[in-house]
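Data block below; observations after.
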Amino acid sequence: DAGVIQSPRHEVTEMGQEVTLRCKPISGHDYLFWYRQTMMRGLELLIYFNNNVPIDDSGMPEDRFSAKMPNASFSTLKIQPSEPRDSAVYFCASSSGQGIKAFFGQGTRLTVV
Amino acid sequence: RKEVEQDPGPFNVPEGATVAFNCTYSNSASQSFFWYRQDCRKEPKLLMSVYSSGNEDGRFTAQLNRASQYISLLIRDSKLSDSATYLCVVSQAGTALIFGKGTTLSVSS
């Protein structure tokens with residue numbers, strides 16, 4: 001079975017550019033989560049969706065970040081404009097319920113120079 | 001105070017050793033508990049859920065103390081392949097999983 005699929009795996013971009021990260025959750029999962037991981041802060045929840053509807057976006061750092069889930073099989077996380085402090089690994093995860101185990105994608109390693 | 005706190009380590013142990021990791025959580029309404037494992041430059045993967053009565057999966061034993069808001073993971077007979085970062089995870093009703101920063105284990109021969 002295919003797991004959570006994220007693209008791209010690596011992204012290097014210049015400060016000020018727009019960055020779009022993509023995620024395909026596991027089929028049948030109705031929860032999708034976006035996390036960011038850095039050495040300093042660990043894994044932080046950015047936003048999560050239930051049945052394509054954003055439920056909690058309190059973890060989104062600022063207005064430069066936005067996330068969408070137009071359908072059950074696709075989500076995007078956009079950063080515009082990007083800044084060097086956005087450099088991190090961004091993980092997408094999905095689950096078949098709330099508060100139960102989630103399965104992670106391989107992550108997108110973002111470097112903003 | 002962070003929601004989930006762990007000793008970052010690193011824990012350096014020889015093969016065959018027994019090692020224990022501890023984790024505390026701040027929200028008494030937490031209902032679900034897990035240990036995840038993360039290898040270097042990889043995604044977190046579920047190691048085991050943690051149940052109130054304690055549970056075991058091979059060499060791994062997880063314990064939960066709700067009164068003290070404390071979770072533990074015991075690894076017996078450590079293997080080289082156990083070297084990884086172990087993440088303590090909790091959630092409350094209606095929330096997503098909240099991760100600790102992880103404890104790094106290094107098992108040497």
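The values are calculated or read from the model by the stated rules, or taken from the named source; none is laboratory data. These figures come from a predicted structure and were not determined experimentally. Every residue, glycine among them, receives a Cβ derived from its backbone with ideal geometry; neighbour counts consider all protein chains shown. Heads up: the accessible areas ignore ligands, DNA and RNA and are worked out on the full protein's heavy atoms, side chains in. Shrake-Rupley method; radii C 1.70, N 1.55, O 1.52, S 1.80 Å.
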Query raised in the report: Does segment B:42-58 hold any residues that are away from chain A (no Cβ under 14 Å) and either within 10 Å of the chain's Cα centre (by Cα) or open to solvent by 70 Å² or more (accessible area, probe 1.4 Å) (or both), and which are they?
Result: B:SER52, B:SER53, B:GLU56
Query raised in the report: Tell me, which residue of segment A:49-70 that is open to solvent by 10 Å² or more (accessible area, probe 1.4 Å) and hydrophobic (A, V, I, L, M, F, W, C) is farthest from B:SER49 (Cα to Cα)?
Result: A:PHE65
Requested in this report: Report yes if B:THR61 is of a type in the set (S, T, N, Q), within 14 Å of chain A (Cβ to nearest Cβ), in a strand (DSSP E or B) and over 21 Å from A:SER96 (Cα atoms), otherwise no.
Outcome: no
**Report entry** Subset of segment B:74-109 [aliphatic (A, V, I, L, M) and in contact (Cβ under 8 Å) with a residue 40 or more places away in the chain]
**Finding:** B:LEU74, B:ILE75, B:LEU80, B:ALA84, B:LEU87, B:VAL89, B:VAL90, B:ALA93, B:LEU97, B:ILE98, B:LEU105, B:VAL107
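Do you know which of the residues in segment B:61-84 that are touching a strand residue (DSSP E or B) at 6+ places or on another chain (Cβ under 6 Å) and open to solvent by 30 Å² or more (accessible area, probe 1.4 Å) is farthest from B:PHE33 (Cα to Cα)?
Applying the filter and picking the extreme gives B:LEU80.
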Requested in this report: Mind listing just one residue for me: the one in segment A:81-102 that is closer than 14 Å to B:THR95 by Cβ and polar (S, T, N, Q) and, of those, surrounded by the fewest Cβ atoms within 10 Å (Cβ to Cβ)?
Outcome: A:GLN98
Query - A:MET15 among the aliphatic types (A, V, I, L, M), within 22 Å of B:LEU87 (Cα to Cα) and more than 13 Å from the chain's Cα centre (by Cα) - result: no
Query raised in the report: Does B:LEU87 meet the test of being hydrophobic (A, V, I, L, M, F, W, C) and more than 10 Å from chain A (Cβ to nearest Cβ)?
Result: no
Query raised in the report: Consider A:SER73 against the criteria (1) in contact (Cβ under 8 Å) with a residue 24 or more places away in the chain; (2) closer than 24 Å to B:LYS45 by Cα; (3) open to solvent by less than 40 Å² (accessible area, probe 1.4 Å): it satisfies all of them except one. Which criterion is unmet?
Result: (3)
Query raised in the report: Within segment A:21-40, is there a residue that is without any contact (Cβ under 8 Å) to a residue 24 or more places away in the chain and open to solvent by 10 Å² or more (accessible area, probe 1.4 Å)?
Result: yes
Query raised in the report: Just for segment B:85-104: of the residues that are under 11 Å from the mean Cα position of the chain (by Cα) and among the aliphatic types (A, V, I, L, M), which one is farthest from A:ARG36 (Cα to Cα)?
Result: B:VAL90
**Report entry** Lone unmet requirement of (1) of a type in the set (Lys, Arg); (2) in a loop (DSSP other than H, G, I, E, B); (3) in contact (Cβ under 8 Å) with a residue 24 or more places away in the chain for B:LYS42
**Finding:** (3)
Query raised in the report: Just checking, which of B:THR95, B:THR85 is among the β-branched types (Val, Ile, Thr) and at pLDDT 95 or above?
Result: B:THR85
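Would you pick out the residues in segment B:99-109 that are part of a strand (DSSP E or B), open to solvent by 40 Å² or more (accessible area, probe 1.4 Å) and within 14 Å of another protein chain (Cβ to nearest Cβ)?
B:THR104 - this is the single residue of segment B:99-109 that is part of a strand (DSSP E or B), open to solvent by 40 Å² or more (accessible area, probe 1.4 Å) and within 14 Å of another protein chain (Cβ to nearest Cβ).
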